[in-house]
1. Show the residues, 5+ positions off or on another chain, whose built amide H is closer than 5 Å to the amide H of L35.
2. With a point put 7 Å past each Cα toward its Cβ, work out how far N34 is from E8 in nm, to one decimal.
3. Given points 7 Å out from each Cα along the Cα-Cβ axis, report the E17 to V43 separation in nanometres with one decimal.
4. Can you give the three extents of the C-alpha atoms in the chain along their principal axes, from longest to shortest, in whole Å?
5. Counting only protein heavy atoms, what percent of the accessible surface of the chain is carbon or sulfur at a 1.4 Å probe?
Amino acid sequence: MTEGEIKELLSLKLSQEFELDTMSVYSLEHSNENLIVNLLHRVKLTGGNQ
């Protein structure tokens, strides 16, 4: 990911509530002018009020 892509993602505003059904954990590494994103773990979220 580039710095521009990161800024764009961080600037997103959501106008409605939402629920996540999956949680992912990533590591971030800098390489030259790029940011390397590595998926470490992904889990399906369950439970809560239905």
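The values are calculated or read from the model by the stated rules, or taken from the named source; none is laboratory data. Small disclaimer: the values here were computed from a predicted structure and weren't measured. Virtual Cβ from ideal backbone geometry, glycine too; neighbours counted across all protein chains shown. Areas reflect the complete protein model, heavy atoms only, side chains present, ligands, DNA and RNA absent. Shrake-Rupley method; radii C 1.70, N 1.55, O 1.52, S 1.80 Å.
1. Counting only residues 5 or more places away or on other chains, the set is T2.
2. 1.6 nm
3. Calculated label separation equals 2.4 nm.
4. Principal axes ranked by extent give 46, 28, 7 Å for the Cα atoms.
5. Carbon-and-sulfur percentage of accessible area, whole number: 52.
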